[in-house]
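See below for the structure under consideration.
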Amino acid sequence: GFEFEPETQDLYEGESVGVSYPLTSSRLRYFGGSTNHWGGWCRPLEPIDFEKRDWVPYSGWPVTRADMNPFYVRACEVCQINSTAFDDAAAWEAKGKPMPLAGDEVVTRFFLYSPPTRFGKKYRPDIERAKNIACYLHSNVLEIVPSDNAGEVDHLKIGTLSGARFTVKPKACVLAAGGIENARILLASNSIETAGIGNRNGVVGRFFMEHPHVPSPATFLVTDRNLVAEWYRTYTKMEGERGTTMIRGCLMFDEGYLRREKRLGTVMTFAPIRPVMAEPQPIPPGASEEERKQAERQGAEDETYRGILQLARSSNSAASSSGEIGWRLGVGCA
């Protein structure tokens, strides 16, 4: 339907074997799909991601990043992103410069943000006005039935929760149900190809990859705020080629390092900077519970904080005895 319905969402339930994965909470099953709770972080795959690499079994795609670039431009437009400067630090120098890192193995790259676009709300009027589109809600694909030689799609079997059944005979069929559901539908479509459509090599449903986010216990101590551009530590509003764009800087290994060390790509992001005070700050009257907890966490009795404080003092001898003497910068990897 057009809105969230628990009984429809329940169709996403399933058993997760091995590493647990939240099949229902990670996806939404109503008009607009999972863009209804999407965070909006956008970045193309790297050129090396498309290549065959001897240290990554089964790697290699029949397309390159260059082949995909025109489609990434169109995707930015659909996702309401007003720039394509994912790798161009010079485009964002109005709010700072990249960190002056030693060597060239770690480079600054950027995520650009969709508002995030809620596809269901944003594009519903266009779909309703289109004379060549018929939208069937509450209609679940039960099976893709191919022709006898499995060379093309003959028809789709459709079912509703109320028990209704019907078929659709399309001129062309685009499977766009997401990584998990695409594979499930193909494997369930086994009336002609018993292993499932497209599964003659037994790889449909394999190689599922999530982007695990690992918050690190590491903390950077920064004594010169200017070393860390605003866009490293928070979502930053900038002017792109076609209007205002939200950006976020990150650090990544360059391709030379990945090839030499035979690694997969990793993204490092930073938590917002927090001041390191020379003395514990009093909790203001009327402070909220969250403000009170934060003040307590930053208190001088905290062992981690005491260590950071000592380091900050030793590296910033000109600091005020009671004011800001540095900033803490948290780290996360994905």
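Points to keep in mind about this one:
- Among (1) part of a loop (DSSP other than H, G, I, E, B); (2) loosely packed, with under 11 Cβ neighbours inside 10 Å, the one test that residue 125 misses: (1)
- Contacts under 9 angstrom Cβ, first residue in region 76-95 being at positive phi, partner loosely packed, with under 14 Cβ neighbours inside 10 Å, 6 or more apart: 80/115
- Test: residue in region 44-61 that is among the small types (Gly, Ala, Ser), farther than 19 Å from residue 114 by Cα, touching a helix residue (DSSP H, G or I) at 6+ places or on another chain (Cβ under 8 Å) and surrounded by fewer than 16 Cβ atoms within 10 Å (Cβ to Cβ): yes
- Considering region 62-81, the residues that are among the polar types (S, T, N, Q) and in a loop (DSSP other than H, G, I, E, B) include one that is surrounded by the fewest Cβ atoms within 10 Å (Cβ to Cβ), namely 64.
- Positions within region 100-119 being under 27 Å from residue 75 (Cα atoms) and either free of Cβ contacts under 8 Å to residues at least 12 places away in the same chain or in a strand (DSSP E or B) (or both), in sequence order: 107, 108, 109, 110, 111, 112, 113
- Summed over region 169-196, the residues that are within 22 Å of residue 17 (Cα to Cα), under 28 Å from the mean Cα position of the chain (by Cα) and in a loop (DSSP other than H, G, I, E, B) give a count of 2.
- Of all residues in region 85-92, at least one satisfies being under 15 Å from the mean Cα position of the chain (by Cα), surrounded by 11 or more Cβ atoms within 10 Å (Cβ to Cβ), outside any helix (DSSP H, G or I) and at pLDDT below 95.
- Across region 197-225, the qualifying residues are those that are without any contact (Cβ under 8 Å) to a residue 24 or more places away in the chain and loosely packed, with under 11 Cβ neighbours inside 10 Å, and the one among them that is farthest from residue 20 (Cα to Cα) is 224.
- Sub-6 Å Cβ pairs linking a first residue in region 16-32 that is under 12 Å from residue 4 (Cβ atoms) and of a type in the set (Gly, Ala, Ser) to a second residue that is assigned to a loop (DSSP other than H, G, I, E, B) and modelled with pLDDT of 95 or more, at least 6 apart or interchain, are 32/118, ordered by first then second residue.
- Counting only residues that are surrounded by fewer than 18 Cβ atoms within 10 Å (Cβ to Cβ) and more than 14 Å from residue 331 (Cα to Cα), region 231-252 holds 7 of them.
- Taken as a whole, region 15-27 holds at least one residue that is closer than 23 Å to residue 127 by Cα and not in a strand (DSSP E or B).
To keep it simple, each residue is scored yes or no on (1) closer than 28 Å to residue 260 by Cβ; (2) out of contact with any helix residue (DSSP H, G or I) (no Cβ under 7 Å at 6 or more places or on another chain).
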site	(1), (2)
89	yes, yes
94	no, yes
99	yes, no
103	yes, yes
109	yes, yes
115	no, yes
120	no, no
128	no, yes
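- Residue tally, condition out of contact with any Asp or Glu (no Cβ under 7 Å at 6 or more places or on another chain), of a type in the set (S, T, N, Q) and in a loop (DSSP other than H, G, I, E, B), over region 135-152: 2
- Qualifying residue in region 32-41 (condition: among the hydroxyl-bearing types (Ser, Thr, Tyr) and either at pLDDT 95 or above or surrounded by fewer than 16 Cβ atoms within 10 Å (Cβ to Cβ) (or both)): yes
The values are calculated or read from the model by the stated rules, or taken from the named source; none is laboratory data. On a predicted model such as this, the values are computed, not experimentally measured, just so you know. Note that we place each Cβ from the backbone using ideal geometry, even for glycine, and neighbour counts take in every protein chain shown.
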